[in-house]
Structures are given as structure tokens and as C-alpha cells.
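Enquirer: Following this message is one structure expressed as C-alpha cells.
The values are calculated or read from the model by the stated rules, or taken from the named source; none is laboratory data. Computed from a prediction, not measured in an experiment: that's the story for all the values here. Cβ atoms come from the backbone with ideal geometry, glycine included; neighbour counts cover every protein chain shown.
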Amino acid sequence: MPIFSFPSSDAIGTLTDAQRYLGYIKEAGLSRIHILPTNPTIEHDSPFQGPSLLYGNPNLINIEKLFTIGDLSQKDFFSYLSKSYEISYKEKSINYGFLWNEKIGFGEDTSGFENGPLRKAYQGLIKNGGKRLDEFNEFKAKEGRDLEDYSDFMTLKQKLGFSLQWSSWPEKFRLRKNGYSEELPKEEKEFYKYVQFVFNDQLKSLSNSAKENELTLSGIMPLYPCFDCADVWANKDLFLLDASGFPVKVACVPPDFFEPVKGQLWGNPLWKYGKLSSNNKEKVYEAFANRLERLLENLDIIEIDHYRGLTAFGAVDFGASDARDGKWIQGPGNELFHYLEERLGKSRLPFEAEDLGLITPKVHRDRIKMGYPGMKVFQIANINDKTDIHHPEHNEPNSVYYLGTHNNTTLKDFLFGKKDNLESGSQQDYINYLEANSSEEGYNWKAIDVALSTKSNTTLLTISDIRNYGNEKRFNRPGSVGWWKVNLSENEMEKFKYEDAPILKELIEQHKRI
């Protein structure tokens with residue numbers, strides 16, 4: 001369940017809202033909550049594409065908590081609350097335009113600090129001073145250069161226009177020439193640091209509450225940054241870029257079974273590792289260690305997105321219109337993981353591998369050697385072939401079983417929605433299988449029963465499938481825009497508690513997964 005999907009008095013689910021509902025999750029017999037990346041977003045609001053790999057999404061900050069802690073005045077809090085109530089009641093899903101303009105203050109007039117409750121809360125912190133200001137200063141000192149780079153980047157984005165990529169900035173900013181930072185308004189830079197101070201505080205509070213509720217908190221680490229982000233701009237030597245900062249090659253998936261002609265053009269900059277390694281390979285590995293250390297401060301388990309890209313990754317020339325000329329290039333493989341284990345002093349890292357798509361035997365071997373669980377998904381199983389690795393009766397114990405991931409449609413839509421084709425079998429084949437293998441009432445409960453019965457050590461279920469929602473509650477559809485907007489109401493979560501949780505807990509107990 002993404003953070004943004006939790007019910008809220010805001011126009012989006014926030015970190016504090018997720019914290020409020022942890023008790024509901026525990027009561028259902030569940031032991032873990034799995035969230036999407038909490039990185040900032042810009043283009044198309046995807047949590048996998050944004051201006052930072054290291055820092056958090058301001059939209060997920062809880063404004064009410066800023067009021068209760070004393071940063072924000074009652075007047076400013078209720079002014080924003082009335083606007084968010086109105087937009088939430090009207091739209092029933094997340095309106096990111098409203099959030100960017102009204103919550104963070106990226107409206108037409110972004111000068112000064114009168115826009116948005118976050119900016120006013122920053123002013124309140126500075127005005128109030130005291131212990132909280134001391135804590136803010138301690139946070140900045142601890143974060144050091146990384147936070148300076150992020151705040152510089154975001155201040156420049158605001159100064160020069162959010163639609164303008166850093167590669168189009170004037171040379172002194174694009175190439176970070178001496179003295180560039182002194183030209184930026186200090187108060188604006190401090191605001192962006194404050195936002196991360198607040199985000200970090202609220203995420204830590206969520207993490208601590210999860211531990212108190214005996215819940216594991218897990219999340220996803222995207223493999224690649226987007227090009228237009230602080231990490232690439234501030235660390236050009238870690239990526240395959242030319243002297244001016246433009247990519248030489250970009251990430252892709254060469255033509256395969258799923259896209260046999262054009263392949264998949266992703267366009268992300270490529271890390272200088274594997275066969276692209278230069279003499280700064282250890283700096284690349286250290287960047288991964290830095291990300292991992294930050295994630296493990298609050299997450300217990302990390303899913304590595306596009307895991308196969310570490311064994312071998314697709315690359316195509318920058319400027320290509322598609323990936324038909326893409327090539328697979330050798331990645332760092334387990335060398336990177338051994339480095340991370342030694343660097344972080346852990347005999348085994350708490351990783352899970354998103355190993356879906358075109359997976360070679362070498363990818364499987366690398367994963368198995370490290371002991372990381374892979375992913376198995378009901379919706380992509382050949383339900384008529386019990387030897388298929390995703391089939392409920394064939395999967396390996398060291399794995400995580402899903403009915404569908406955040407990229408799949410909901411189970412209800414998968415079984416009964418309009419479909420042009422399925423990869424293996426017909427909708428009726430899947431329905432017949434569920435009917436033959438579960439006596440539960442309702443196809444979502446039959447499927448959950450089946451998922452809990454597999455050999456997989458872990459079963460992960462989406463809130464959309466537990467609640468038996470259709471396509472209207474799908475989180476994302478890869479290759480298209482307009483998603484990441486699912487937001488549940490308080491009434492829907494009450495139904496989860498009183499209608500779904502008792503059934504779920506009984507099934508979990510039956511399968512000895514308590």
C-alpha cells in the first residue's frame with residue numbers, strides 16, 4: 001500500500017496517516033507493510049522518476065503535524081485544510097497539480113514565502129527558534145554535502161523553471177563552476193533543507209511506530225536515477241556522460257519477447273559500472289552504499305527494482321528513438337553486493353530481487369548465490385503449466401509471492417475486465433483454477449487463499465486486491481501517464497478493518513503464516 005493511498009485530511013496520504021493505520025494492519029494478522037519509493041516526484045508524478053535518489057517527497061509530509069508541533073499557525077493550517085478537503089471531496093483521487101501549487105508553493109508566483117503551508121512552516125521554525133531550530137541545524141550538519149547539492153538543485157529548478165532540465169541551464173550552473181551557489185537565495189535553499197528535515201522526522205516516526213506494532217516496513221530502491229535530478233547533476237563522473245554533461249548512452253531493454261521490434265527505451269543515465277567502469281568504480285559503489293545506509297535507517301527490507309540490470313543492463317545511444325539497436329552490457333553482478341556487505345558490516349543484506357522480465361540463467365545464479373528472494377506473480381503465471389516458475393504449485397520457498405505488483409492491474413480487472421489477450425491461458429482458465437483450488441467465497445479470497453498456500457516464504461497482497469477493487473484502483477500502468485493517484489477514504493479503511501481483516505486473519509492462521 002503506497003503512502004499516498006492512506007486516508008487523510010490532506011489531498012494525499014501522508015507519512016503520519018500511514019502511521020495512524022498501522023494498528024489496522026496488525027489486527028488483520030499481517031506482519032509487514034510494503035510501500036513504494038518515497039523519493040520526490042516531478043514528471044508524471046512517478047515515485048520512480050524524480051529530482052533525488054536520497055531525499056523525500058514533500059507531498060507526503062503531514063501538514064497537521066507541523067501545526068501540532070508549532071511550526072505552522074492555526075490560521076495557516078485551517079486555511080490549507082479547507083482547500084484540501086474541497087479538492088479531495090471533489091476528485092476522490094490525488095490531484096498533484098493542487099499539491100504542487102498549494103502545498104509546496106510552486107504556483108505562478110513562487111517568489112517570497114507566502115505560498116503554501118510548508119513555506120510558512122519554515123518561517124515559523126525560524127521565528128520560534130529554540131530546541132527545534134537546534135535540531136534542524138544538527139540535521140543539516142549531519143547531511144552535509146548531499147543536502148547542499150539537493151537544495152542547490154531545487155533552488156535552481158525554481159529559479160530557472162521546473163520544465164527546464166539542468167542540461168539546458170547556463171554553463172556556470174550546469175557545470176557547477178566556482179561561486180555558482182553564492183548566487184542563489186539563501187532562504188530558498190534553507191527551505192528545501194527544512195522540507196527534508198521535516199520529512200525525515202515523520203518517516204522516522206512511521207518506522208518507529210511500525211516496530212512498536214511488530215510490523216516489518218519494506219520498500220523499493222529504484223536502480224536508475226532520472227537524468228534531471230540532483231544526483232546526476234552533482235556527480236557527473238558516476239554516470240556515462242560527455243564533457244558537457246549529456247548522456248552518451250541511456251538505459252533500455254533491447255527487443256525481446258514483450259517488445260520484439262522496438263524494445264523499451266527508458267532513457268535513464270547509466271552508472272559507470274560493469275563493463276562501463278572507469279577508474280572511479282569504487283565511487284559508484286560508494287554512492288550505492290550511501291543510498292542503502294539511508295534506506296536502512298527506516299526500512300527493514302529493500303526490494304531492488306530491475307535487479308537484472310546489475311548482472312547485465314540494456315544500453316542504447318542517447319537520442320535513439322527506440323531501443324531496437326540496444327545492446328546488453330555486463331554489469332557489476334555480485335561484486336557490488338560483496339562490496340556493500342563489507343562496507344556496511346553485514347553478512348547478508350536484507351534485499352529482495354525484482355527479477356521479472358527477460359531473466360537469463362546468469363541472473364538467477366547471481367541471485368541464488370547471494371541468497372536473495374526473487375518474485376513470483378500469479379498474473380504472469382502460465383496457469384495451465386504447473387512447471388512454470390510463477391505457478392502457485394511450482395514456486396521456490398526463497399521467494400515472495402504476489403497476485404500482482406504495483407505495475408499490474410487489480411485481480412478483479414485481471415479476471416473479469418476486458419482483455420485483448422493474456423500471456424498464458426484465458427481468463428476462464430484462471431477462474432477455473434481458483435475454483436478448483438479454493439472453497440472461499442469471492443474470487444479475491446480464493447486467490448488470496450491460493451497465494452497464502454504456496455511454498456513462498458512471504459506473500460505480499462495489495463490493498464486493492466484485499467478490498468476487491470477493479471481497474472479504478474490500479475496503481476500504475478507501465479509506459480503510460482496519469483497514474484499513482486489511488487487514495488482510499490476513511491470509510492474504505494474502516495471496511496478493511498471490520499469486513500476484510502477478520503477473513504484475512506483467519507486465512508493467515510489457516511496457512512500458519514501468523
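Enquirer: Can you tell me which residue among Leu292, Leu299, Leu265 is under 22 Å from Gly50 (Cβ atoms) and assigned to a loop (DSSP other than H, G, I, E, B)? Full working, then the answer.
Expert: Details: Leu292 fails: assigned to a loop (DSSP other than H, G, I, E, B); Leu265 fails: assigned to a loop (DSSP other than H, G, I, E, B).
Unique residue meeting the criteria: Leu299.
Enquirer: Quick check on Pro260: is it farther than 16 Å from Leu310 by Cβ, free of Cβ contacts under 8 Å to residues at least 40 places away in the same chain, part of a loop (DSSP other than H, G, I, E, B) and not hydrophobic (A, V, I, L, M, F, W, C)? Steps first, please.
Expert: Working: farther than 16 Å from Leu310 by Cβ: yes; free of Cβ contacts under 8 Å to residues at least 40 places away in the same chain: yes; part of a loop (DSSP other than H, G, I, E, B): yes; not hydrophobic (A, V, I, L, M, F, W, C): yes.
Yes: the conditions hold for Pro260.
Enquirer: Restricting the search to region 233-278, which residues are among the polar types (S, T, N, Q) and within 28 Å of Lys157 (Cβ to Cβ)?
Expert: Asn235, Ser244, Gln264, Asn268
Enquirer: Quick check, is Leu184 closer than 24 Å to Glu43 by Cβ, touching an Asp or Glu at 6+ places or on another chain (Cβ under 8 Å) and either small (Gly, Ala, Ser) or at pLDDT 95 or above (or both)? Lay out the reasoning, then the answer.
Expert: Numbers: closer than 24 Å to Glu43 by Cβ: yes; touching an Asp or Glu at 6+ places or on another chain (Cβ under 8 Å): yes; either small (Gly, Ala, Ser) or at pLDDT 95 or above (or both): yes.
It is true that Leu184 is closer than 24 Å to Glu43 by Cβ, touching an Asp or Glu at 6+ places or on another chain (Cβ under 8 Å) and either small (Gly, Ala, Ser) or at pLDDT 95 or above (or both).
Enquirer: Right, next: Would it be correct to say that Phe351 is free of Cβ contacts under 8 Å to residues at least 40 places away in the same chain, at negative phi and of a type in the set (Phe, Trp, Tyr)?
Expert: Criteria not met by Phe351.
Enquirer: Pick from region 22-70 the residues that are of a type in the set (S, T, N, Q) and either at pLDDT 95 or above or touching a Leu at 6+ places or on another chain (Cβ under 8 Å) (or both): which of them is farthest from Tyr224 (Cα to Cα)?
Expert: Thr68
Enquirer: Inspect region 486-501 for any residue being among the basic types (Lys, Arg), surrounded by fewer than 21 Cβ atoms within 10 Å (Cβ to Cβ) and touching a residue at least 40 places away in the same chain (Cβ under 8 Å) and give the result as yes or no.
Expert: Within region 486-501, one or more residues are among the basic types (Lys, Arg), surrounded by fewer than 21 Cβ atoms within 10 Å (Cβ to Cβ) and touching a residue at least 40 places away in the same chain (Cβ under 8 Å).
Enquirer: Within region 317-347, take every residue that is out of contact with any helix residue (DSSP H, G or I) (no Cβ under 7 Å at 6 or more places or on another chain) and among the basic types (Lys, Arg) and give me the one that is surrounded by the fewest Cβ atoms within 10 Å (Cβ to Cβ). First the steps, then the outcome.
Expert: So in region 317-347, the residues out of contact with any helix residue (DSSP H, G or I) (no Cβ under 7 Å at 6 or more places or on another chain) come out as 317-328, 335, 338, 341-342, 345-346.
Next, from what is left, pick out any that are among the basic types (Lys, Arg): 324, 327, 346.
Values: Arg324: 16, Lys327: 14, Lys346: 12.
Checking each candidate, the answer is Lys346.
Enquirer: Next up: Taking region 250-271, which residues are among the charged types (D, E, K, R) and touching a Gly at 6+ places or on another chain (Cβ under 9 Å)?
Expert: Result: Asp256, single match.
Enquirer: Is it the case that Ile383 is in a loop (DSSP other than H, G, I, E, B), touching a helix residue (DSSP H, G or I) at 6+ places or on another chain (Cβ under 6 Å) and surrounded by fewer than 19 Cβ atoms within 10 Å (Cβ to Cβ)?
Expert: Spelling it out, it is not the case that Ile383 is in a loop (DSSP other than H, G, I, E, B), touching a helix residue (DSSP H, G or I) at 6+ places or on another chain (Cβ under 6 Å) and surrounded by fewer than 19 Cβ atoms within 10 Å (Cβ to Cβ).
Enquirer: Which condition number in (1) part of a loop (DSSP other than H, G, I, E, B); (2) in contact (Cβ under 8 Å) with a residue 24 or more places away in the chain is the one that Gly105 fails?
Expert: (2)
Enquirer: Determine which single condition Glu352 fails, assuming it passes every other condition in (1) surrounded by fewer than 18 Cβ atoms within 10 Å (Cβ to Cβ); (2) charged (D, E, K, R); (3) assigned to a strand (DSSP E or B).
Expert: It is condition (1) that Glu352 fails.
Enquirer: Okay, next question. Is it the case, given these coordinates, that Asn101 is surrounded by fewer than 19 Cβ atoms within 10 Å (Cβ to Cβ), within 24 Å of Ile126 (Cβ to Cβ) and of a type outside the set (Val, Ile, Thr)?
Expert: yes
This table checks each residue for (1) over 28 Å from the mean Cα position of the chain (by Cα); (2) assigned to a loop (DSSP other than H, G, I, E, B); (3) at positive phi.
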| position | (1), (2), (3) |
| --- | --- |
| Phe78 | yes, no, no |
| Ser93 | no, yes, no |
| Asn101 | no, no, no |
| Ala121 | no, no, no |
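Enquirer: How many residues, within region 231-243, are in contact (Cβ under 8 Å) with a residue 24 or more places away in the chain and more than 17 Å from the chain's Cα centre (by Cα)?
Expert: 9
Enquirer: Restricting to region 391-401, give me the number of residues that are touching a strand residue (DSSP E or B) at 6+ places or on another chain (Cβ under 8 Å) and either outside the structural domain of Asn444 (by TED's automatic domain parsing) or at pLDDT below 95 (or both).
Expert: Residues that pass the stated criteria total 2.
Enquirer: When Cys226 is evaluated against the numbered criteria (1) surrounded by fewer than 16 Cβ atoms within 10 Å (Cβ to Cβ); (2) in a loop (DSSP other than H, G, I, E, B), which criterion, by number, is the only one it fails?
Expert: (1)
Enquirer: Among the residues in region 414-422, are any surrounded by fewer than 16 Cβ atoms within 10 Å (Cβ to Cβ), within 23 Å of Pro478 (Cβ to Cβ) and hydrophobic (A, V, I, L, M, F, W, C)?
Expert: Yes, region 414-422 contains a residue that is surrounded by fewer than 16 Cβ atoms within 10 Å (Cβ to Cβ), within 23 Å of Pro478 (Cβ to Cβ) and hydrophobic (A, V, I, L, M, F, W, C).
Enquirer: Of the residues Lys177, Lys172, Lys131, which single one is modelled with pLDDT of 95 or more, surrounded by fewer than 20 Cβ atoms within 10 Å (Cβ to Cβ) and part of a loop (DSSP other than H, G, I, E, B)?
Expert: Values: Lys172 fails: part of a loop (DSSP other than H, G, I, E, B); Lys131 fails: part of a loop (DSSP other than H, G, I, E, B).
Answer to the check: Lys177.
Enquirer: Given the criterion of a type outside the set (A, V, I, L, M, F, W, C) and not assigned by TED's automatic domain parsing to the domain that holds Asp152, identify the matching residue among Pro51, Pro47, Pro7, Pro58.
Expert: Answer to the selection: Pro7.
Enquirer: If the Cβ limit is 9 Å and pairs must be 6+ apart or interchain, which residue in region 157-183 that is within 13 Å of Ala234 (Cβ to Cβ) pairs with which residue that is among the polar types (S, T, N, Q) and outside any helix (DSSP H, G or I)?
Expert: Hits for this filter: Arg174/Ser244; Leu175/Ser244.
Enquirer: Polar (S, T, N, Q), surrounded by 18 or more Cβ atoms within 10 Å (Cβ to Cβ) and over 30 Å from Gly129 (Cα atoms): is that true of Ser218 in this structure?
Expert: It is true that Ser218 is polar (S, T, N, Q), surrounded by 18 or more Cβ atoms within 10 Å (Cβ to Cβ) and over 30 Å from Gly129 (Cα atoms).
This table checks each residue for (1) aromatic (Phe, Trp, Tyr); (2) touching a residue at least 24 places away in the same chain (Cβ under 8 Å); (3) outside any loop (DSSP other than H, G, I, E, B).
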{"site": "Trp328", "(1), (2), (3)": "yes, yes, yes"}
{"site": "Ile359", "(1), (2), (3)": "no, yes, no"}
{"site": "Arg367", "(1), (2), (3)": "no, yes, yes"}
{"site": "Val400", "(1), (2), (3)": "no, yes, yes"}
{"site": "Leu415", "(1), (2), (3)": "no, yes, yes"}
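Enquirer: If you go through region 276-286 one residue at a time, do you hit one that is in contact (Cβ under 8 Å) with a residue 60 or more places away in the chain and crowded, with 18+ Cβ neighbours inside 10 Å?
Expert: The answer is no; no qualifying residue exists.
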